[in-house]
1. Could you work out how much longer the chain between ARG63 and SER253 gets when fully extended? Use 0.36 nm per residue separation minus the Cα distance between them, nm to one decimal.
2. From the phi of every residue in the stretch 278-288, what ³J(HN,Hα) in whole Hz does the Karplus formula 6.51 cos²θ - 1.76 cosθ + 1.60 yield, where θ is phi - 60° and glycine or proline is x?
3. Is there a pair in LYS64/LYS252; LYS252/LYS284; LYS61/LYS284; LYS5/LYS61; LYS64/LYS284; LYS252/LYS316 whose C-alpha atoms are over 22 Å apart, and which pairs would that be?
4. Whose amide H sits under 5 Å from the amide H of VAL281, counting only residues 5 or more places off or on another chain, with H placed in the peptide plane?
5. Over the stretch 88-236, what relative contact order in percent results from Cα pairs under 8 Å that are six or more residues apart?
6. Step through the residues of the stretch 92-99 one at a time and calculate ³J(HN,Hα) from phi using the Karplus curve (6.51 cos²θ - 1.76 cosθ + 1.60, θ = phi - 60°), rounding each to whole Hz and writing x for Gly and Pro.
7. With a cut-off of 8 Å between alpha carbons and a minimum separation of six or more residues, what is the relative contact order of the stretch 1-101 in percent?
8. In Å², what does the accessible area per residue of the stretch 288-355 work out to with a 1.4 Å probe?
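The values are calculated or read from the model by the stated rules, or taken from the named source; none is laboratory data. The structure displayed is predicted, hence computed values, not measured ones. Reconstructed Cβ throughout: ideal geometry from the backbone, glycine too, with neighbour counts over all protein chains shown. Quick note on the areas: whole protein, heavy atoms, side chains included, nothing else; ligands and nucleic acids left out. Shrake-Rupley method; radii C 1.70, N 1.55, O 1.52, S 1.80 Å.
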Amino acid sequence: MTSSKIRVAYYVTGHGLGHATRVAEVCRNLLILGHSVTVCTAAPEWVFRLDAEEKHQEHLKFRKVMLDYGAKQADALSVDMVGSLEEYLRTSVEPRESLIEAERAWLTQEVIEVVVSDVVPLACAAAEAAGIPSTCVSNFSWDFVYAEYLTAVGPGESKLRSIAWQIAEDYSKAKILLRLPGYCPMPAFRDVMDTPLVVRKAKQTRMQVRAALGIPQDTPVVLYQFGGQEAAWKIDSSSLPEGWICLVASTKSSTDPLPPNFIRAPVDAYTPDLVAASNCVLGKIGYGTTSESLAHHVPLVYVRRNFFNEEPFLRKLLELHGCMVEMTRRDFFNGHWRPYLERALSLEPSFPLEQTDGGAMVARTIVQVAQGELHLRPQGQVRLRDAIVFGYEMARASSRGKLQWDALSDALDSERLRSDHVPTWYIEGGTPSSQPPTSPQLPSASPLQSAGYWQIARGSGLWCAQLPDTK
């Protein structure tokens with residue numbers, strides 16, 4: 001326990017449960033260290049209280065506030081790009097000044113010592129207005145997600161087009177980004193520190209969970225998990241291989257009938273327990289599901305989502321550790337699940353368990369930020385590396401798959417930066433694993449080791465040249 005109690009304000013986006021569950025793990029560790037946390041979010045309170053010990057509950061407070069919107073979804077697999085931008089404009093841009101002033105006044109009144117954001121842009125701006133240090137904890141940022149959405153916006157929608165730039169400017173006010181595994185490019189942040197996996201662990205054994213649910217210990221089980229959403233699509237008993245059981249997880253009560261080999265998990269069931277009790281998970285790729293699958297060595301059978309451009313980076317993380325099987329949408333909706341589930345049983349996930357203690361590391365670093373004890377070296381290459389990959393991904397998105405940057409494409413030809421093939425070296429945080437080919441534009445050495453040779457592929461480059469850590 002540290003010598004002095006620190007008051008932490010933790011802002012959490014209300015989009016999905018993945019943000020809330022990883023924040024709950026960090027909060028649990030902050031409370032163990034003896035600090036107090038106020039969670040500012042539109043997400044449900046119970047998600048955070050599940051992980052906090054009873055003796056720490058009084059130091060965990062909540063404040064209902066909505067400073068961002070996230071993605072507007074019709075269901076767990078689809079997103080309305082323009083609608084998402086319009087909702088963010090209404091929620092965060094139009095009332096921007098009043099929101100920042102209200103948060104500044106609250107932070108000052110409550111004598112908050114550090115602001116943590118996952119990953120709410122306005123929280124960083126409010127912290128700066130209050131003269132308080134801030135840090136972000138995430139594997140993606142909304143400027144990266146929204147940048148792809150801008151490809152669907154008409155040329156006359158200047159207010160929508162400025163959203164990504166404003167978000168990036170807000171993020172730049174944070175002292176540091178604590179970057180989670182499976183990260184996407186986030187060049188807006190001034191400093192970066194990579195962390196182990198922040199993930200909740202199972203509290204009960206596989207045997208205990210199965211016994212409580214009435215499932216035989218030797219029966220193959222697939223956990224149907226789509227971010228806490230109920231099965232919104234037609235499901236049929238014939239979808240499963242013979243002898244299998246499908247455990248349906250949802251955060252909403254339902255009395256809708258299920259096929260005989262499908263079991264609905266209790267609404268308040270602890271998801272990591274359900275993951276650990278299953279042979280595989282069927283769902284979408286988000287940070288929460290990905291991290292819990294990796295930490296418990298349970299393969300994820302996933303269905304791709306439209307316009308969630310964090311997904312390729314998490315998918316690469318799963319691929320590197322032998323923890324994924326992709327199911328086509330057609331087969332998912334038609335109930336042809338059998339070959340994918342049987343394939344998942346043959347996998348042997350290999351994620352190192354010693355790299356699943358990110359919650360404790362992040363909590364300690366947050367305390368260091370609050371106490372002014374965190375001193376980092378300039379991260380110029382990290383920032384430039386993110387900017388290169390970010391720009392390439394957005395160029396691909398804007399041209400609907402046409403590769404435009406020939407020099408960069410040639411330099412990294414061995415591991416192309418496509419949305420369906422994120423290079424291994426980017427996720428692992430190192431240099432390219434294969435020898436880069438010689439290029440007339442670039443030296444034969446590793447492109448990342450020779451960052452000074454990069455030329456701005458589009459635009460004047462003046463903005464990049466003005467960054468203090470990339471000169």
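1. Details: separation 190, 0.36 × 190 = 68.40 nm, distance 2.50 nm.
Stretched fully, the ARG63-SER253 segment lengthens by 65.9 nm.
2. Karplus values, whole Hz, x for Gly and Pro: 9, 8, 6, 10, 10, x, 9, 8, x, 4, x.
3. Values: LYS64/LYS252 20 Å; LYS252/LYS284 18 Å; LYS61/LYS284 31 Å; LYS5/LYS61 15 Å; LYS64/LYS284 28 Å; LYS252/LYS316 31 Å.
Pairs exceeding the cut-off: LYS61/LYS284; LYS64/LYS284; LYS252/LYS316.
4. Correct list: LEU223, LEU300, VAL301.
5. On the way: 178 pairs, mean separation 26.0, N = 149.
Over the stretch 88-236, the number comes to 17 percent.
6. Rounded to whole hertz, the list is 10, 8, 4, x, 3, 4, 5, 5.
7. On the way: 143 pairs, mean separation 25.0, N = 101.
Once normalised by length, the contact order is 25 percent.
8. Per-residue accessible area for the stretch 288-355 comes out at 42 Å².
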